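First the structure, then my questions, so here it is.
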DNA sequence: TTGTCCAGCGAAAACGTTTGCGTGTTGAAA
DNA sequence: TTTCAACACGCAAACGTTTTCGCTGGACAA
């Protein structure tokens with residue numbers, strides 16, 4: 001087990017100075033061809049590679065991006081990571097991930113841990129708890145220290161930084177319009193609490209679509225699901241609420257803000273003897289594995305997670321590599337368009 | 001925008017030496033209480049945090065773990081990452097992820113990139129291409145340089161390192177036995193090519209279970225799916241093969257080595273008018289989202305991804321923090337037991 | 001012989017830490 | 001008054017790089 005070789009060791013072996021070795025490896029014309037050859041041969045033999053940490057210290061940049069997301073076992077977030085990793089890697093950056101687990105404290109601690117030199121910039125999506133508490137000091141402090149942040153999906157206006165978001169409102173609107181156009185009269189929305197902007201915006205899109213068809217939104221058709229029911233363990237509870245919704249109204253269309261709500265709604269509908277899409281049509285937000293492989297397969301609003309990741313990484317790296325522009329405090333908000341992917345749950 | 005403050009700057013401001021500041025912050029008794037107070041107050045005011053990179057260089061350890069996996073948009077792998085991150089964080093480590101994308105070259109390049117000082121050790125699962133080529137030099141080189149590796153799930157015997165695997169053989173056997181005990185006579189297995197050990201081992205478990213019931217494995221019931229059909233795009237092709245399988249045989253049980261094969265098989269069965277689980281029972285390996293929310297929900301063999309990640313991280317960190325034991329070249333292979341989760345696709 | 005020039009190389013600083021050891025100042029004991 | 005701890009602090013090296021600058025010696029011209 002031989003440790004990695006350093007410039008110093010090569011220098012000692014070849015009886016030259018460290019600087020000579022360094023220059024020789026860079027093919028500097030300051031060094032004679034003879035010496036260059038000798039050094040390069042030796043370095044190759046011992047498989048010399050410059051130490052990244054030393055380089056980071058010297059250059060004051062780590063070529064590493066920090067990602068902070070609420071959850072990784074999640075189709076959307078892992079797609080985003082994939083996108084980030086793709087362009088980061090292409091541009092010579094590594095990616096280090098922190099999981100906030102939807103907790104404010106973990107978000108703060110993790111960010112502090114990474115902000116002390118380990119990374120050059122952040123790409124993050126805010127945790128639910130943070131959104132609830134509306135305490136964003138850790139973001140501002142990070143930015144104030146000169147570390148750029150790019151937020152995606154779950155963002156807040158208060159923070160001055162680049163953002164990549166999905167057009168939740170229009171995505172939802174598009175979906176509900178589709179339902180309306182194919183004849184639905186009584187469309188329910190299954191959504192989340194309002195403090196998540198997605199819940200709010202998608203509901204707004206739903207309302208706008210209805211209004212375009214001169215339908216007054218019926219509050220009893222707007223089902224707001226409590227947050228904890230999103231976990232797989234509480235599907236029973238969720239089913240109960242949906243059952244209630246079905247029995248209180250005669251619904252012929254459902255717009256769900258996520259896949260789980262959608263497939264569960266389909267399950268409940270089927271139990272009630274309703275055929276999808278004949279008796280009732282269903283559209284879901286977020287295009288994931290469930291949508292593709294459920295029966296019937298779900299028509300969804302795709303939010304293009306990977307594309308969001310790619311864009312976020314591009315924004316961040318561009319900012320990192322144009323330090324001179326940094327004082328131009330002009331931040332961009334990129335909106336990724338949604339796409340309606342039609343499958344078998346709609347006519 | 002004020003940059004992060006350093007010891008040097010504090011020293012200059014307070015008109016003491018750098019070492020005094022460093023010691024004062026560590027509450028060294030070498031430094032007078034007065035000075036300590038002064039320094040600590042100043043440091044707190046300016047929110048001083050030691051620079052991680054400098055510490056890494058000095059200590060020759062980064063407190064960072066490198067993960068290299070073939071794919072991140074995958075329930076199992078993201079569960080593993082979650083497990084790794086959990087214990088890594090608890091023990092003061094960060095996690096940096098590299099994606100091989102099932103490509104040998106990317107695996108090699110990424111590993112080289114990370115091995116040059118960026119991380120203290122690796123946790124990885126081997127890419128398909130690497131398994132196919134059977135070229136493991138990059139693993140051995142990394143290990144030889146004194147960087148420990150822990151492999152999980154997709155491992156090879158040739159490499160001397162700690163490993164965390166799932167008991168594929170017995171997991172499969174357990175599943176098939178369950179089918180046999182509930183009355184299945186004609187059980188098909190839908191599996192992958194043999195070069196993936198999972199394909200091989202799970203098939204072996206299938207065979208062993210049959211033999212326990214004195215049934216001779218029928219080759220026409222063993223369907224090996226080509227690799228590329230695993231992608232979501234090629235489901236049609238997959239369905240065709242399954243259709244063929246169904247029409248050539250009268251099957252009353254299916255064991256699939258992954259969720260996609262299982263739900264697709266159910267879909268095909270339903271199309272042929274078969275009722276799950278009455279006419280045909282189905283069990284899948286790998287417990288993911290699809291299994292829970294398909295209709296009927298799938299009985300699966302859970303491989304406990306998060307637990308695997310946790311165990312892998314523990315193994316690695318233990319090894320990192322017991323350098324003295326490092327010369328004791330004794331490597332551990334931890335087997336995570338599978339669990340049969342019974343849902344509605346079996347009787 | 002002296003001076004000039006340049007090729008070829010090395011010394012040193014810098015990035016931000018930590019830490020062993022040296023040193024100057026105090027106060028008290030002899 | 002001298003001596004000597006104890007105390008409080010600073011110096012310097014080290015981690016592995018890169019890069020600027022300066023030095024040396026030899027070739028060549030005058």
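Mind counting the residues in the stretch A:164-188 that are surrounded by fewer than 21 Cβ atoms within 10 Å (Cβ to Cβ) and closer than 17 Å to residue A:331 by Cα?
Of the residues in the stretch A:164-188, 1 are surrounded by fewer than 21 Cβ atoms within 10 Å (Cβ to Cβ) and closer than 17 Å to residue A:331 by Cα.
Conditions first: (1) within 15 Å of DNA strand C (Cβ to nearest atom); (2) modelled with pLDDT of 95 or more. Residue B:30 passes all but one, so which condition is the exception?
So residue B:30 meets the others, but not (2).
Select from the stretch A:33-60 the residues that are touching a residue at least 24 places away in the same chain (Cβ under 8 Å) and more than 14 Å from DNA strand C (Cβ to nearest atom) and list them in ascending order.
A:43, A:46, A:47, A:48, A:49
Under 30 Å from residue B:111 (Cβ atoms), within 12 Å of chain B (Cβ to nearest Cβ) and modelled with pLDDT of 95 or more: is that true of residue A:121 in this structure?
So residue A:121 fails the test.
Give the residues of the stretch A:129-143 that are surrounded by fewer than 21 Cβ atoms within 10 Å (Cβ to Cβ) and not in a loop (DSSP other than H, G, I, E, B), sorted by residue number.
A:129, A:131, A:132, A:133, A:137, A:138, A:140, A:141, A:143
Could you check the stretch A:81-97 and list, in sequence order, the residues that are more than 12 Å from residue B:82 (Cβ to Cβ), without any contact (Cβ under 8 Å) to a residue 60 or more places away in the chain and not in a loop (DSSP other than H, G, I, E, B)?
Answer for the stretch A:81-97, where residues must be more than 12 Å from residue B:82 (Cβ to Cβ), without any contact (Cβ under 8 Å) to a residue 60 or more places away in the chain and not in a loop (DSSP other than H, G, I, E, B): A:89, A:90, A:94, A:95, A:96.
Residues A:82, A:4: which one is surrounded by 16 or more Cβ atoms within 10 Å (Cβ to Cβ) and modelled with pLDDT under 95?
A:4
(1) surrounded by 13 or more Cβ atoms within 10 Å (Cβ to Cβ); (2) at pLDDT 95 or above: which one isn't true of residue A:211, the others all being true?
(1)
Report yes if some residue within the stretch A:306-327 is surrounded by 15 or more Cβ atoms within 10 Å (Cβ to Cβ), within 12 Å of chain B (Cβ to nearest Cβ) and under 24 Å from residue A:168 (Cα atoms); otherwise report no.
Yes: the stretch A:306-327 contains one or more residues that are surrounded by 15 or more Cβ atoms within 10 Å (Cβ to Cβ), within 12 Å of chain B (Cβ to nearest Cβ) and under 24 Å from residue A:168 (Cα atoms).
Another one. Going by the conditions given, is residue B:63 over 26 Å from residue B:105 (Cβ atoms), touching a residue at least 40 places away in the same chain (Cβ under 8 Å) and within 16 Å of DNA strand C (Cβ to nearest atom)?
So residue B:63 fits the description; yes.
Right, residue B:90: over 30 Å from residue B:138 (Cα atoms), surrounded by fewer than 20 Cβ atoms within 10 Å (Cβ to Cβ) and not assigned by TED's automatic domain parsing to the domain that holds residue B:259 or not?
no
Can you go through B:35, B:62, B:20 and tell me which one is within 15 Å of DNA strand D (Cβ to nearest atom) and closer than 30 Å to residue B:129 by Cβ?
B:62
Working only within the stretch B:84-97, note down all residues that are over 9 Å from the mean Cα position of the chain (by Cα) and either more than 7 Å from chain A (Cβ to nearest Cβ) or over 14 Å from residue B:305 (Cα atoms) (or both).
Going through the stretch B:84-97, the residues over 9 Å from the mean Cα position of the chain (by Cα) turn out to be B:85-97.
Of everything in the stretch B:84-97, those that are over 9 Å from the mean Cα position of the chain (by Cα) and either more than 7 Å from chain A (Cβ to nearest Cβ) or over 14 Å from residue B:305 (Cα atoms) (or both) turn out to be B:86, B:87, B:88, B:89, B:90, B:91, B:92, B:93, B:94, B:95, B:96, B:97.
So, residue B:119, is that one within 20 Å of the chain's Cα centre (by Cα), within 15 Å of DNA strand D (Cβ to nearest atom) and either buried (at least 17 other Cβ atoms within 10 Å of the Cβ) or part of a helix (DSSP H, G or I) (or both) or not?
yes
Has the stretch A:30-47 got any residue that is surrounded by fewer than 16 Cβ atoms within 10 Å (Cβ to Cβ) and either under 30 Å from residue A:99 (Cβ atoms) or facing another protein chain (nearest Cβ under 10 Å) (or both)?
The answer is yes, given that some residue of the stretch A:30-47 is surrounded by fewer than 16 Cβ atoms within 10 Å (Cβ to Cβ) and either under 30 Å from residue A:99 (Cβ atoms) or facing another protein chain (nearest Cβ under 10 Å) (or both).
Restricted to the stretch A:137-148, and to residues that are free of Cβ contacts under 8 Å to residues at least 40 places away in the same chain and touching a strand residue (DSSP E or B) at 6+ places or on another chain (Cβ under 7 Å), which residue is farthest from the other protein chains (Cβ to nearest Cβ)?
Filtering the stretch A:137-148 for residues that are free of Cβ contacts under 8 Å to residues at least 40 places away in the same chain and touching a strand residue (DSSP E or B) at 6+ places or on another chain (Cβ under 7 Å), the one farthest from the other protein chains (Cβ to nearest Cβ) comes out as A:139.
The values are calculated or read from the model by the stated rules, or taken from the named source; none is laboratory data. What you see is a predicted model, and the numbers here were worked out from it, not measured in a lab. Backbone-built Cβ (ideal geometry, glycine too); neighbour counts: all protein chains shown.
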